[in-house]
């Protein structure tokens, strides 16, 4: 009974805390501009299945994809086991599903144990890749400090959770063999993988084993609840947001840039004043300076980013030593959004803090280095577009501040006056015929 | 060469089958002009009724828009769309992926709706239909050609196979760089980079890409974009390999192998 009450308190607190976090995240995302992503639900569900559930893009790198699939399958499928654990916790039962499922139960747990082992293996390999192998995207300065620790904490936490799971199974089945207490009421027989731990545990008394089983069981479920509430502070949030982010994948060709309707109208009114409505006011702001000016879609992108760095590894500017890193663009956007979110919560409305996304997080030099080649967009397994943010910030630089490299100003004036980016007379446009 | 102007066709009440959108690079850049002439040779070879806009054509606004200057882009788009719509243009073919992308993807919502075809797809169709007759034993037979994907053709619009199919028609040995198709490395020109110095870094993007192309040992680097062509040509010069390695547009390669032409001096 005491354990049940403790469990209800723990679970209740965890779920309540997480729902508060989730509300904050939702609010932060909705600080962004409105943009319509409602069309074509059919294709969107397909993308959700292919990209998020099916991890299609991960398989551009098959070996890593397979390891990631282990962890991911572990995460999704072991949730069935977490359901049983939670029900056991709530109802004070032990292995609730064992009775009704009969032989199937053992098969299921064997499957979970296989996954647990696979997760463990993959996490160890990933720790090795991150910390020992000099893989450029993991050694980049983008990850200095918290992001690098965050990634390692997640892997270590997953390893611990899997060890706990295997240990309480092993203790449980050992106690079944000894016909001890309530463990004797659900005889499942040894499980495929946890039985390998038996030699290590045989020396313990039954009382000690029962304590071990309970401790591991509690640490395991408490760990899961803690992990749930760690997500909002972590890049690991992608395990949830990859799904909406895949659903809201941009369906237009990657080459298409967002149209600025307000500017389009301005130009039409300038060219054909007779179409201009009386009292039409010019647009107030061009492009993005801060997170409010980006769309909610960009902000969802920022929360969905797991900082894997596939974008940066493919970025031609980054490869050739420029400052630009598309991953950093996403990390900066998230950091700024969190900061603005806190500000809004504290002051009810946003109280200017003398900072903005442009300059204080993302520098002009980074933005200038982009070739708009879409390699970052193409690489992202969860359909993030760093390019869209880069373009919006560039628009602000040019249209709000007329801040352009001199060569660009020359190019602009050539386009405007000679109708070509170079300084040639428009009359010479078809001179190529005469060679 | 004789090239029909749209204004003349319109005055005579003629409706060409396609409008050839030359683009700024193809019009003014000396290297790219050779691509333009090669493509016109092919148009003449197949005997299609076509026209160009001549000095009525204007920059699509692509570099301005990518740099962040939406006003200038909208001004250019407005003028081009008015012109194209006045001429009742329906089909446009262009050898520039940047013009192609903007005409195809960005003009429609501004009122410019056309069927826009990149010359790689156009050439592939012509070859497929047997409308282009190539020499029996072409000059590129068995030669190593490496194709460099243009970002605005490849990732931006998903066109990876058409230019390769065109090259296959040459009976050449088509080889690939490690970073090809959707993983292709940019030449460094896109996003208005063509018109400014690169930011500080360890090397230039076109040097990085050119080295990768040269490492394949191919004698010809094929591209389907005048900007890529410029960047890679500069890269080859930087490596001092211009005597061994040529950067050629797919249209130039096809034009050089046309059945009814001895090596065309006009290129």
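We did not get these values from a lab; they are worked out from the coordinates using the rules stated. Everything numeric in this text was worked out from a predicted model, so none of it was measured. Cβ placement follows ideal geometry from the backbone for every residue including glycine, while neighbour counts extend to all protein chains displayed.
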At a Förster distance of 35 Å, what's the computed FRET efficiency of residue A:202 paired with residue A:65, Cβ-Cβ distance as r, to 0.05? 0.35
The range B:180-214 and the range A:39-67 have their Cα centres apart by a whole-number Å value of 29
For the protein assembly as shown, give the share of DSSP beta bridges that are antiparallel, in percent and rounded to the nearest 5; count only bridges with both residues there. 5
Cα shape, the range A:1-110, gyration tensor, a/c 1.5 rule: oblate
Rank B:62, B:243, B:149 by mean-square fluctuation in a GNM of chain B with C-alpha springs under 10 angstrom and give only the top-ranked residue. B:243
Report the residues of the range B:1-38 in range of a label on residue A:435: point 7 Å along Cα→C-beta, backbone N strictly under 20 Å from it. B:1-5, B:20-38
Report the Cα centroid-to-centroid distance between the range B:36-84 and the range A:172-190 in angstrom, as an integer. 79
Can you bin the range A:263-400 into rounded, prolate or oblate? Criterion: square roots of the alpha carbon gyration tensor eigenvalues sorted a ≥ b ≥ c, rounded for a/c under 1.5, prolate for a/b above b/c, oblate for the rest. oblate
For residue A:363 paired with residue A:19, estimate the spin-label separation in nm (one decimal), with each label point 7 Å from Cα along the Cα-to-Cβ line. 4.6
Residue A:342 and residue B:215 label points (each 7 Å along its Cα→Cβ direction) are spaced in nm at 4.4
Across peptide B:19-28, how many C-beta atoms of other chains are within 10 Å of each residue C-beta, on average? 4
From the helices alone, meaning DSSP H stretches of at least four residues, give me the mean residue ellipticity at 222 nm for chain B, per-run term -39500 (n - 2.57), in deg cm²/dmol to the nearest 500. -11500 deg cm²/dmol
Using 18 Å as the cut-off for backbone N distance, which residues of the range A:226-260 belong to the label zone defined by a point 7 Å from the Cα of residue A:10 along Cα→Cβ? A:226-231
Taking only the Cα atoms of chain B, how large is their convex hull per residue, in Å³? 124
Stokes-Einstein D for the protein assembly as shown (37 °C, 0.692 mPa s, Kirkwood Rh from Cα pairs), in µm²/s, comes to 115
For residue A:121 and residue A:139, extending 7 Å from Cα along the Cα-Cβ vector and measuring point to point gives, in nm, a value of 2.8
Quick one: divide the alpha-carbon radius of gyration of the range B:21-98 by 2.2 N^0.38 Å and tell me what you get. 1.17
Here the FRET efficiency for residue B:11 versus residue A:425, based on Cβ atoms and R0 = 25 Å and rounded to 0.05, is 0.60
Length-normalised contact order of chain B, Cα under 8 Å, at least 6 apart, in percent, tallies to 21
Partner shielding of B:51-58, as the mean number of partner chain Cβ atoms within 10 Å, equals 4
Could you sort the peptides B:151-158, A:258-265 by per-residue average Cβ neighbour count (10 Å cutoff), highest mean leading? B:151-158, A:258-265
Centroid-to-centroid separation of the range A:309-339 and the range B:125-156 [C-alpha atoms, Å]: 36
Within 10 Å, count the other beta carbons around each residue, average over each peptide in B:225-235, B:113-123, and list them highest first. B:225-235, B:113-123
Summarise the partner chain shielding of A:374-385 as one whole number: the mean count of Cβ atoms from other chains within 10 Å of each residue's Cβ. 3
With the label point 7 Å along the Cα-to-beta-carbon line of residue B:30 and a cut-off under 20 Å to each amide N, the hits in the range B:215-252 are B:226-249, B:252
As a test of the formula, what do you get for chain A when each DSSP H run with n ≥ 4 contributes -39,500 (n - 2.57) and the sum is divided by the residue count, at 222 nm and rounded to the nearest 500 deg cm²/dmol? -19000 deg cm²/dmol
